[in-house]
Amino acid sequence: MSDEGQGARSGRFYLSCPLPLTPYYYFQPTMRTLAIDPGTRRIGLAMSDEGGQWASPLEVLMVTDPDQAIEPILKLIAKEAVVRVVIGLPLNMDDSVGPQARSVVAWANKLQTSLHAARGTQHAPKIVFVDERLSSFVAEQRLIDVKRAGGKMTRKDKKQSLDAVAAAGILQSFLDGKLLAIEVPSFHSTTPNDAG
């Protein structure tokens, strides 16, 4: 008896010409997100996976002026097809926007202007702000845990990794829905509908 006959009797059916199956994840939309933990000398970067679920520390840009980080970030966004940028905003403990947070917003405006010039308003990634007040503390605790687990890390390594780990913490909390986007009036947000 043929396989088809056996299958019919057992309640199983076989395709004589099986169709090629495409893994389900091929149909998942790409939502790669870049997180930025800005500073005056070190800019921490973290990136999500293409599915927009998991965050990983990427690198720390060492600068003498935060504006120096804009060009490498633009290249990274183009290379990785980033569709959203999450920027940590250092609010005051009373939720007010102090001088440090205003500096970050001013820098973000420059980044957005450069993105629009490079990619056009309609194709530039959306920039959102989140509260990053506790990110450095959480990142430092994670690095301490790594060291306690036997990981070798010098004080210099820890200092250089801290900002990227902080950016990853910010991004993961955002992806998990634990950190919500903050509306910042002084940020000159432009959407495709505003560009007409």
How charged is the neighbourhood of LEU175? Take every other residue with its Cβ under 13 Å from the Cβ of LEU175, and add Lys/Arg as +1 and Asp/Glu as -1. 0
GLY51 neighbourhood, Cβ < 14 Å, K/R = +1, D/E = -1, net charge -2
From the backbone phi of region 127-133, what are the Karplus-calculated ³J(HN,Hα) couplings (6.51 cos²θ - 1.76 cosθ + 1.60, θ = phi - 60°) in whole Hz, Gly and Pro given as x? 9, 10, 10, 9, 6, 10, 4
Amide H contacts of ILE87 (H built 1.01 Å from N, under 5 Å, at least 5 apart or other chain): ILE36, VAL128, PHE129, VAL130
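Bear in mind these aren't lab numbers, they're just calculated from the coordinates by the rules spelled out. What you are looking at is a predicted structure, and each value in this text was computed from that prediction instead of being measured. Reconstructed Cβ throughout: ideal geometry from the backbone, glycine too, with neighbour counts over all protein chains shown.
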